[in-house]
Each structure stands twice: as structure tokens, then as C-alpha cells.
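Below: the structure, in C-alpha cells.
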Amino acid sequence: MKIWEPKNSAELKALMTHLCGCHDASITRISFIKDRTFDEDGNLVYPFGDTNEFVNCNVEMELLLNCYPGAKKQQVVVFKFIDTRIFVFMQDESFDYSNIFKVDGNIGDDSQFNFIFYSSRLYTSKRNDKVKSLELSCAKVICTEL
């Protein structure tokens, strides 16, 4: 099991290069996780003091991805996007979000990790016909090769 936790642009680029941009991956699970709970009276508890943290969530994504050098035949890769403040997730009749064509990642001027997931269009004869299916911005990313 290998764990990647990029801290800068060079490390993020190395991860994305290692994984071949997640080309031909398949998402088997994606979870949007909010840190909320109930108190003993059943009231909703927000476990943070700063209201700017209200929108934060963690996103966990499990991929089947075996096309990169060194991957096992049944390779599973798990991404954890920590303190995600912005995400846009989409699908329509012309594409399946889980069918990943490629992933682009960078670190923005605000030190946030930014990712764009592209999926392959269905029913097209054009090679490399892709559509944006998930875009997110987070404070930290952890990638685990299981």
C-alpha cells in the first residue's frame, strides 16, 4: 500500500503523472462527508467555531485504476479530498460521471488543490471526446493505492 500526500505543485504533478492522469479509471464509490452530529437532545451539532468552515466537506472517492505502470490487475486507488469548499458534480444522458477519461490537478494561487475530472461521452465516434464531470477545490489531498 502506497500513500501519497502532495504538499506542493511538483508533488501533485508527480502523483498525477504516476497515475497517468487516472486515464480509463472507473469510480466505484464517491462520498460527500459533512462533520455533523446530534447532541443528547437530538439537536444538530456543528463541530466548528468558525462559520467559514460551514461549507467544508470531505470527499472520498474509490477508483478502479489499473492502467498505470506498477498497478496490480485489480488495482484500487482511494482519493481523500480534505476540507473541500467548492465542488460541482454532474452527469446527464450523454455521459457517465464514473467513466473517467482523465483528471487534471493543480494548486491555485490560494494554495487550494484544484481538480477537474473529465468523463468520456457516450455514443460518440470521436476519439478523446470528453466532458467535465467533477470539479473540486480542497485544502489537502491524500491518495492511497490499495
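Looking at the chain, the accessible area is 60 square angstrom per residue; that uses a 1.4 Å probe and ignores ligands, DNA and RNA. The C-alpha atoms of the chain define a longest principal axis, and helix 9-18 lies at about 50 degrees to it. With springs connecting C-alpha atoms under 10 Å apart, model the chain as a Gaussian network and identify which of Ser94, Ser26, Ser133 has the largest mean-square fluctuation. In the Gaussian network model the winner is Ser94.
Each Lys and Arg Cβ is given +1 and each Asp and Glu Cβ -1; about its Cα centre, the chain then shows a dipole of about 900 debye. Structure remark: mean-square fluctuation, Gaussian network model of the chain, C-alpha springs under 10 Å; the largest value among Ile86, Ile27, Ile107 belongs to Ile86. Rounded to the nearest Hz, the phi-derived 3J(HN,Hα) couplings of the range 101-106 under the Karplus curve 6.51 cos²θ - 1.76 cosθ + 1.60 (θ = phi - 60°) are 8, 6, 10, 9, x, 8, where x marks glycine and proline.
Amide H contacts of Ser133 (H built 1.01 Å from N, in plane; Pro and chain starts excluded): Phe117, Tyr118, Ser119 sit under 5 Å, all sequence-distant by 5 or more or on other chains. Entry note, the chain: relative contact order of 28 percent, from Cα contacts under 8 Å with a spacing of 6+ residues. Annotation note: trypsin sites (Lys or Arg not before Pro) in the range 55-135 located in DSSP loop regions with a Cβ neighbour count of at most 14 within 10 Å are Lys72, Lys73, Lys126, Arg127. Within the accessible surface of the chain, defined with a 1.4 Å probe on protein heavy atoms only, the carbon and sulfur portion equals 49 percent. Just in the range 1-88: which GluC sites (Glu not before Pro) are loop by DSSP and have at most 12 other Cβ atoms within 10 Å? Taking the range 1-88 and a limit of 12 other Cβ atoms within 10 Å, the loop GluC sites (Glu not before Pro) found are Glu40.
My understanding is that a pair violates if its Cα-Cα distance is over 21 Å; which of Lys34/Lys80; Lys2/Lys132; Lys13/Lys73; Lys34/Lys132 do that in this structure? Flagged as over cut-off: Lys2/Lys132; Lys13/Lys73; Lys34/Lys132.
Between the listed residues Ser9, Thr37, Ile27, the Cα displaced farthest toward the positive end of the dipole of the range 1-48, a dipole computed from Cβ unit charges relative to the Cα centre, is found at Ser9.
The values are calculated or read from the model by the stated rules, or taken from the named source; none is laboratory data. Remember, it's a predicted structure, so these values are computed and weren't measured experimentally. Glycine gets a Cβ as well: all are built from the backbone with ideal geometry, and neighbour counts include every protein chain shown. Surface areas here come from the heavy atoms of the whole protein model, side chains and all, with no ligands, DNA or RNA. Shrake-Rupley method; radii C 1.70, N 1.55, O 1.52, S 1.80 Å.
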